[in-house]
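The values are calculated or read from the model by the stated rules, or taken from the named source; none is laboratory data. Every value quoted in this text rests on a predicted model; they were computed, and no experiment measured them. Backbone-built Cβ (ideal geometry, glycine too); neighbour counts: all protein chains shown. Note: areas computed on protein heavy atoms with side chains; ligands, DNA, RNA excluded. Shrake-Rupley method; radii C 1.70, N 1.55, O 1.52, S 1.80 Å.
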Amino acid sequence: MRSKSSVRNLPVYQPGKSLEEVEQEYGLKDVVKLVSNENPSGCSPKVSEALKGINLFHHYPEPMAPVLRGKLAKMLNMDPRKFIFGNGSSELIQMICRTFLDSGDEAVLADFTYSIYQTEVKIEGAAPVFVPLKKGVHDLDAMYEAITNKTKVVWVCNPNNPTGTLLDQTSLVSFLTKIPKHVIVVLDEAYIEYVTDPSCPNSAALLEQFPQLIVLRTFSKIYGLAAIRMGYAIADTPIIDELHRVRPSFNTSRFAQQAAVAALEDQEFVADWKKINDQERRRLMKQLEEWGIHYYPSHGNFILFDTGYPSYKVFQFLLERGIIVRDRLKYPTYIRITIGTPEQNDRFIQDFAEFLASQVIA
Ligand SMILES: Cc1ncc(COP(=O)(O)O)c(C=O)c1O
């Protein structure tokens with residue numbers, strides 16, 4: 001057995017530890033998961049109600065997700081043909097690479113950003129071209145300079161995971177205006193619903209203006225449906241038509257489609273959580289400031305900060321107290337925490353303060 005050369009040396013994606021795993025391993029109850037940028041409050045109660053109504057288990061789902069498509073198109077005031085759905089937006093990232101990248105092509109992306117972009121690029125035999133972030137922000141000028149005639153795709157994550165930084169409309173417009181026509185630009189807006197800053201870009205307007213743009217969204221974050229696996233891409237119909245050629249035949253389940261429809265119908269849930277996330281984000285950033293800790297000002301539901309100590313030590317200290325955070329990031333002393341519920345954040349603040357105190361004593 002010999003897998004294809006582009007796959008052979010790829011690392012396997014390591015998700016954050018699950019609640020169940022940590023509860024079992026450490027004999028803990030009430031573990032707090034601040035690792036995968038999920039919605040810690042769950043999802044709209046309307047979702048479980050809607051799922052009770054599902055039958056027809058023996059029939060395949062509708063591949064074009066017509067009800068969900070109609071709802072989204074109406075909500076975003078866009079042509080329904082401009083949407084394509086994926087088993088999470090991760091699958092759309094895969095489909096974009098499969099559709100647009102040949103072996104020998106290049107894809108430009110930030111160093112660092114969501115890791116799955118580079119994995120999918122490499123699987124297609126294409127080369128990721130990394131452009132360092134500037135103070136945690138995509139350096140769009142340098143990304144533009146990195147484009148060659150081999151470049152087929154450019155990835156822009158906004159807000160960026162893991163730094164949480166935001167690009168505004170003006171900088172995106174001036175970047176997109178310069179991009180050669182043969183290059184697809186993917187604007188991944190997995191966390192856009194969390195943005196409260198008035199400079200938040202309007203991707204619908206960008207899509208109108210730039211036919212080579214693909215916008216990615218997901219139900220895994222503010223909608224609290226990470227388990228359900230549903231994401232979507234919006235783009236001009238010629239791009240969507242190409243993506244459909246590689247879409248696995250029944251890639252989104254009846255459950256996912258129905259759950260997403262119910263979640264969309266509860267915008268009050270989204271607005272409430274957005275407000276709490278904003279309050280808690282401010283509180284945590286203020287606390288980090290009080291500790292004199294460097295962090296990236298975040299527009300998402302997570303914060304990346306410099307603990308000042310090897311991140312694996314912090315990770316382990318918090319894990320033993322039932323808090324799972326993200327370490328093993330590019331910077332060895334940084335961790336990323338998902339913004340939890342107010343009570344979960346209290347626990348984080350208390351336990352991390354204890355960690356800092358223990359280091360002073362040591
Ligand atoms: C920036 C970004 N894009 C896409 C995804 C994938 O989300 P999903 O496949 O759950 O829709 C994630 C998940 O964490 C993410 O952080």
Suppose only helical runs count, i.e. DSSP H with n ≥ 4. What mean residue ellipticity at 222 nm does that imply for the chain under -39500 (n - 2.57) per run, divided by all residues and rounded to the nearest 500 deg cm²/dmol? -12500 deg cm²/dmol
Here are some pairs, Lys122/Lys152; Lys150/Lys181; Lys33/Lys313; Lys29/Lys313; Lys122/Lys313; which of them have Cα atoms lying more than 20 Å apart in this structure? Lys29/Lys313; Lys122/Lys313
For the chain, with every protein chain kept in place, what is the accessible area per residue (1.4 Å probe, Å²)? 46
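Within the chain, what whole-number % of the accessible surface is contributed by carbon and sulfur, with the 1.4 Å probe and all protein chains included in the calculation?
Accessible surface attributable to carbon and sulfur in the chain totals 52 percent.
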Could you pull the accessible area for Val32 with a 1.4 Å probe, rounded to 10 Å²? 10
Over 15 Å, how big is the tail of the calculated P(r) for region 30-80, in percent of all Cα pairs? 71
Expressed as a whole number of Å, what is the distance separating the alpha-carbon centroids of region 20-64 and region 134-199? 31
So which trypsin sites (Lys or Arg not before Pro) in region 108-203 pass both tests, a DSSP loop state and at most 15 other Cβ atoms within 10 Å of the Cβ? Lys135, Lys150, Lys181
Relative to the present Cα-Cα distance, how much length would full extension add between Glu268 and His59 at 0.36 nm per residue of separation? 72.0 nm
Looking only at region 322-362, which residues have a backbone nitrogen under 12 Å from a spot 7 Å from the Cα of Lys286 in the C-beta direction? none
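Taking the Cα centre of the chain as origin, work out the dipole magnitude from +1 charges on Lys and Arg Cβ and -1 charges on Asp and Glu Cβ, in debye rounded to 20.
Values: 40 positive and 43 negative charges, 152 e Å.
For this selection, approximately 720 debye.
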Put +1 on the Cβ of each Lys and Arg and -1 on the Cβ of each Asp and Glu in the chain; which of Ser115, Asn301, Ala263 then has its Cα farthest toward the positive end of the dipole? Ser115
Using just the alpha carbons, could you tell me how many Å³ per residue the convex hull of the chain encloses? 159
In nm, the gap between the two label points placed 7 Å beyond Cα toward Cβ at His244 and Lys74 is 2.2
I'd like to know which of His138, Thr237, Ser358 lies farthest towards the positive end of the charge dipole of the chain, counting +1 on Cβ of Lys and Arg and -1 on Cβ of Asp and Glu. Thr237
